[in-house]
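One structure is given here, and the rest of the page talks about it.
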Amino acid sequence: MFFKQLFDAESSTYTYLIADDATHEAVIIDPVFEQAERDLKLVREHGLKLKYSLETHVHADHITGAQTLKDATGAVTAVSADCHAQGYDRLLKDGDVILFGHEEITVIATPGHTPGSVSLLWRDRVFTGDTLLIGGCGRTDFQGGSAADLWSSITEKLFSLDDQTLVFPGHDYKGRRLSSIGEEKQFNARVAGKTRDEFIGIMNNLGLPMPKRIHEAVPANLEAGAMQAATRIEANPAAADTALQSVSAEQLFAAMAAGAVNILDVRTPGEFDTVKIAGSLNMPLDRLDAAALIARFGAETPLYCICQTGTRSQIAASKLRVGGLRQVIQVDGGTNAWVAAGYAVESGARKVMSLDRQMRITAGALVVTGIAAGALVHPAAYWLAAFIGAGLVYAGLSNSCGMTVVLAKMPWNR
């Protein structure tokens, strides 16, 4: 299990980085703009693929690093739909599940501090943002807060979790790092032993000053910190060189509706002829030619890279960036996500199985052949199964696969 609790001293904000050990896919919770370089360094040092940047709410005391992290890693940014924010890739609802590798986080709507506050449940721990703090809770006197809603969120939702569930808050001002549901039920000064009316009375009479950065932070966080991320790149153009932009199928559709876009499909010709987005250009991954694309579109023209699932498009986008194209955007989920969203495609006369399926079938057949030959012919044949298994492990770790390269050159894929 990979888990890091990080701290920003200026705003007393806790940021959490979690990763799946097998796939190295990761999520970050409540990143801080000023700490983006720290977070990116951790991601790089541990060989992680940052899949999601999650917010527990629209913060008033710091600016999120969500857009900065997205620019650098392609991470999907997410916040509650009830925050009515415009700058995020995914709007979360109660009960949504965030998948990364073999891990999952469940979204629990916990309004009160703000209408869009959520808590995030992962394994034996819950990340509560400002809903439930250690020995306290978030204030409710601005941003549409409601003491009555907060009482319900804490006592009916969070306190319904197992008492052993660990509580990791969004902030702490006394150096405390974690608590548990059982401890908060018993010792939380604002909730334990209080009635609903007593709690509301306490919250309505706190008399706290407004957060120092509220007028700066809230507008910035409603757009995922996009302006700050852009300023960062303007001040340090080298920061853009490693940025790999990513969009969802829905965002690509919106871009197409707004005007002409250039879509580069990096699947094999056989896959492309089977089903494709109208107007897209096919240039298979093994035949990428950055110079030809620059000559055709220019180095600064946005180019949307798509494959079947999003894996090959990430590799292609990285190669094209190195080749001199400045605005390459990969489509997360690929044509699978496009079709699942119900958007129109063109279907050709050819019916070629996707390269991913071809690879799985071929690898499976070789493993079965090796095992069968080892049992029936000679034990040395077991090495075939072992070799293929090792190749699949390497493919997963390196995000590249020699078998797909070979299959892509087969006549039926041309």
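The values are calculated or read from the model by the stated rules, or taken from the named source; none is laboratory data. All values reported here derive from a predicted model rather than from experimental measurement. Ideal geometry is used to build each Cβ from the backbone, glycine not excepted, and the neighbour counts take in all protein chains shown.
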Number of the condition not met by GLN327 [criteria: (1) touching a Pro at 6+ places or on another chain (Cβ under 6 Å); (2) modelled with pLDDT of 85 or more]: (2)
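One residue is enough: does region 204-213 have a residue meeting the conditions assigned to a helix (DSSP H, G or I) and either at pLDDT 80 or above or crowded, with 18+ Cβ neighbours inside 10 Å (or both)? Before the answer, list the steps.
Of all residues in region 204-213, those assigned to a helix (DSSP H, G or I) come to none.
Looking through region 204-213, none of the residues is assigned to a helix (DSSP H, G or I) and either at pLDDT 80 or above or crowded, with 18+ Cβ neighbours inside 10 Å (or both).
Would it be correct to say that ALA295 is of a type in the set (Gly, Ala, Ser) and either modelled with pLDDT under 90 or not in a loop (DSSP other than H, G, I, E, B) (or both)? Steps first, answer last, please.
Values: of a type in the set (Gly, Ala, Ser): yes; either modelled with pLDDT under 90 or not in a loop (DSSP other than H, G, I, E, B) (or both): yes.
For ALA295, the condition - of a type in the set (Gly, Ala, Ser) and either modelled with pLDDT under 90 or not in a loop (DSSP other than H, G, I, E, B) (or both) - is met.
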State whether one or more residues within region 100-111 are surrounded by fewer than 18 Cβ atoms within 10 Å (Cβ to Cβ), outside any loop (DSSP other than H, G, I, E, B) and not charged (D, E, K, R). yes
Among the numbered criteria (1) modelled with pLDDT under 85; (2) outside the structural domain of ASP89 (by TED's automatic domain parsing); (3) part of a helix (DSSP H, G or I), which one does GLU250 miss? (1)
For GLY144, state whether it is at pLDDT 95 or above and either part of a helix (DSSP H, G or I) or farther than 25 Å from VAL76 by Cβ (or both). no
Checking SER179 against (1) in contact with a helix residue (DSSP H, G or I) (Cβ under 9 Å, 6 or more places away or on another chain); (2) polar (S, T, N, Q); (3) surrounded by fewer than 15 Cβ atoms within 10 Å (Cβ to Cβ), which single condition isn't satisfied? (3)
Considering only strands (runs of 3 or more DSSP E) wholly within region 4-98, the ones with at least 3 residues that are hydroxyl-bearing (Ser, Thr, Tyr) and within 28 Å of ILE315 (Cα to Cα) are none
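Does GLU234 count as assigned to a helix (DSSP H, G or I), at pLDDT 90 or above and either in the same structural domain as ASP89 (by TED's automatic domain parsing) or surrounded by fewer than 17 Cβ atoms within 10 Å (Cβ to Cβ) (or both)?
Working: assigned to a helix (DSSP H, G or I): yes; at pLDDT 90 or above: no; either in the same structural domain as ASP89 (by TED's automatic domain parsing) or surrounded by fewer than 17 Cβ atoms within 10 Å (Cβ to Cβ) (or both): yes.
Considered against the rule, which asks whether it is assigned to a helix (DSSP H, G or I), at pLDDT 90 or above and either in the same structural domain as ASP89 (by TED's automatic domain parsing) or surrounded by fewer than 17 Cβ atoms within 10 Å (Cβ to Cβ) (or both), GLU234 comes out as no.
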Tell me the residue from ALA341, ALA295 that is surrounded by fewer than 18 Cβ atoms within 10 Å (Cβ to Cβ) and within 24 Å of GLN67 (Cβ to Cβ), please. ALA341
